[in-house]
Amino acid sequence: MLNTLQKELNQIINRGFDRNLRLAVTGLSRSGKTAFITSLINQLLSVNQTSPNHLPLFEAARNGSILAVKRVPQNDFSVPRFDYEANLNDLLQRPPHWCRSTRGVSETRLAIRFQRQSGLLRHVKERGTLYLDIFDYPGEWLLDLPLLNLDFQQWSLEQHQITQGVRAELAQPWLAALKKLDLNAVANEDVLAKLAKSYTDYLHQCKEQGMQFIQPGRFVLPGELEGAPALQFFPLVHVSEADWKRLKKDAKSNSYFALLTKRYDYYRNKVVKGFYEQYFSTFDRQVILADCLTPLNHGRQAFLDMQAGLNGLFKNFHYGSRNFLTRLFSPRIDKLMFIATKADHITSDQMPNLVSLMRQLVQEGGRHAEFAGIDTEYVAIAAIRATKQVIVNQNGKQIKAIQGVRSKDKQLITLYPGSVPSKLPNQEFWQKRANFGGENGTGVHFEFDHFEPQPLEQGDVIPHLRIDAVLQFLLGDRFE
Ligand code: GDP
């Protein structure tokens, strides 16, 4: 009798403990989103399978609160499923290889059975399930948010950088064709498609050159909109203010000008806004990943470009009037984590510098210390650790170094990658670096390399650095 009562009481209480958390993961291309989510799922699925525990900083894993974790079907059938199995399979190959990067949105759902360690009713086992929805989307899509505030003319004007420097060189074929287009003429969809392709090619080339500020972001990562007319427009960078006036007044509704304007408006109101309305307002917590090391390796221009791109992302979360994300979509995000990825490229003593550099990048050198009422944290991690930390003896001195299989020649190498600046690098920093052997030269005082993932056996947990700190910050309170 007592037993039955106890059971019923348990059931009632447990029902009350089922929880849901929607976690969004973003970052610019190749920042490490796919690797991060793959590893996060793998770590959680293996919580109780390894000894000693591989997540010492994640309290719920350490104290046995988590009973079991499994993947369950996601709620939203219209969003592609995150392909965890394929990604894990890539790592299980001989030799292992990196998984395919994020191309659009994807979603996955984990059910985490847990038991509370402390509770009001000590005799009642308080058990519950945390349903964790992980949602992956390209950071490039966040760069489009400012478009909501700009009409076609204003946006075209903002793209003036196309007519300068390297961008002008890359944009030359498109610009030349654009200048020949009579914007008053009756629009031919085929001509528009070709010109839009030329503009998209230019954006892809910018991306290949390491530039991060790319607009419209969907053009390079179209997701399900590949080939759609919604992505077939471009900025009219060559039109003077007087001509804008004239075109707005005189151009016929079937002209190139009218069609381009319509497509821009559709992109802005349906594609960009739609993404925020459909998804963004539903997120509980947001993770933003950034690879700060690769651009540091490529020199000043790449670094500044990354900074511009990241600021485009970060400013969406900044506190204050600039934050029209909050004004428009009132997201309910209560925790925000900035993660510097690929920290296995550096020695462990450099980790604090990497975190500090990340913090400076986010805060634009300290100008924006606050994010609207959101609990914010910064961390450096390696989602899939490709190197080992070793100590080498150099001229009688013991120094920390890293060892791994270098991607470009598949050789096992040991190297000291050098020191990471703890602040935003200034002119003097780049000058010194150039003096050491030029932006692409050898002998620079730091050099990061790309590595292949370490071999993984079926049933092994993916080696990582500090992903447990991430889990603690993002999920820890849900098990208390
Ligand atoms: P995404 O475009 O943001 O989805 O980026 P990916 O997750 O595909 O990562 C891009 C590339 O970065 C991978 O192919 C790897 O070469 C590298 N990478 C990602 N995470 C790690 C990591 O934890 N350690 C190392 N060494 N490399 C990583």
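Check residue 195 against each of (1) under 24 Å from the mean Cα position of the chain (by Cα); (2) buried (at least 20 other Cβ atoms within 10 Å of the Cβ) and name the one condition it does not meet. If we test residue 195 against (1) under 24 Å from the mean Cα position of the chain (by Cα); (2) buried (at least 20 other Cβ atoms within 10 Å of the Cβ), just (1) comes out false. Annotation note: of 280, 303, the sole residue that is more than 27 Å from residue 421 (Cβ to Cβ) and either open to solvent by less than 10 Å² (accessible area, probe 1.4 Å) or modelled with pLDDT of 90 or more (or both) is 280.
Look at (1) loosely packed, with under 14 Cβ neighbours inside 10 Å; (2) under 18 Å from the mean Cα position of the chain (by Cα); (3) outside any loop (DSSP other than H, G, I, E, B); (4) not hydrophobic (A, V, I, L, M, F, W, C) and you find that residue 70 fails only one, number (2).
Scan the range 427-461 for residues that are on the phi < 0 side of the Ramachandran plot, at pLDDT 85 or above and open to solvent by 40 Å² or more (accessible area, probe 1.4 Å) and report the count.
6
Residue 226 meets all of the listed conditions (1) over 22 Å from residue 244 (Cβ atoms); (2) open to solvent by less than 40 Å² (accessible area, probe 1.4 Å) but one, namely (2).
Among the residues making up the range 319-372, a single one is modelled with pLDDT of 95 or more and basic (Lys, Arg): 342. Would you check if residue 252 is surrounded by fewer than 13 Cβ atoms within 10 Å (Cβ to Cβ) and assigned to a loop (DSSP other than H, G, I, E, B)? So residue 252 passes the test. Report whether or not residue 424 is modelled with pLDDT under 90 and aliphatic (A, V, I, L, M). For residue 424, the condition - modelled with pLDDT under 90 and aliphatic (A, V, I, L, M) - is met. Of all residue pairs spaced 6 or more apart or on separate chains, those with beta-carbon atoms under 6 Å, a first member in the range 404-415 that is open to solvent by less than 70 Å² (accessible area, probe 1.4 Å) and a second member that is not in a strand (DSSP E or B) are 404/386; 404/387; 405/452; 406/449; 407/450; 407/452. Screening residue 174 against (1) modelled with pLDDT of 85 or more; (2) more than 29 Å from residue 297 (Cβ to Cβ); (3) surrounded by fewer than 18 Cβ atoms within 10 Å (Cβ to Cβ) leaves a single unmet condition, (3). Residues in the range 14-47 that are touching a helix residue (DSSP H, G or I) at 6+ places or on another chain (Cβ under 8 Å) and either more than 16 Å from the ligand (Cβ to nearest atom) or open to solvent by 30 Å² or more (accessible area, probe 1.4 Å) (or both): 19, 21, 22, 29, 30, 44, 47. Among the residues examined, residue 67 does not qualify as in contact with a strand residue (DSSP E or B) (Cβ under 7 Å, 6 or more places away or on another chain), at pLDDT 95 or above and away from the ligand (no atom under 15 Å from the Cβ).
Restricting to the range 73-96, name every residue that is within 13 Å of the ligand (Cβ to nearest atom) and assigned to a loop (DSSP other than H, G, I, E, B). Scanning the range 73-96 gives 82, 83, 96.
Listed here are the residues, each with its yes/no results for (1) assigned by TED's automatic domain parsing to the domain that holds residue 23; (2) within 16 Å of the ligand (Cβ to nearest atom); (3) at pLDDT 90 or above; (4) among the acidic types (Asp, Glu).
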{"residue": "98", "(1), (2), (3), (4)": "yes, yes, yes, no"}
{"residue": "105", "(1), (2), (3), (4)": "yes, yes, no, no"}
{"residue": "117", "(1), (2), (3), (4)": "yes, no, no, no"}
{"residue": "132", "(1), (2), (3), (4)": "yes, no, yes, no"}
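The values are calculated or read from the model by the stated rules, or taken from the named source; none is laboratory data. Computed from a prediction, not measured in an experiment: that's the story for all the values here. Reconstructed Cβ throughout: ideal geometry from the backbone, glycine too, with neighbour counts over all protein chains shown. Surface areas here come from the heavy atoms of the whole protein model, side chains and all, with no ligands, DNA or RNA. Shrake-Rupley method; radii C 1.70, N 1.55, O 1.52, S 1.80 Å.
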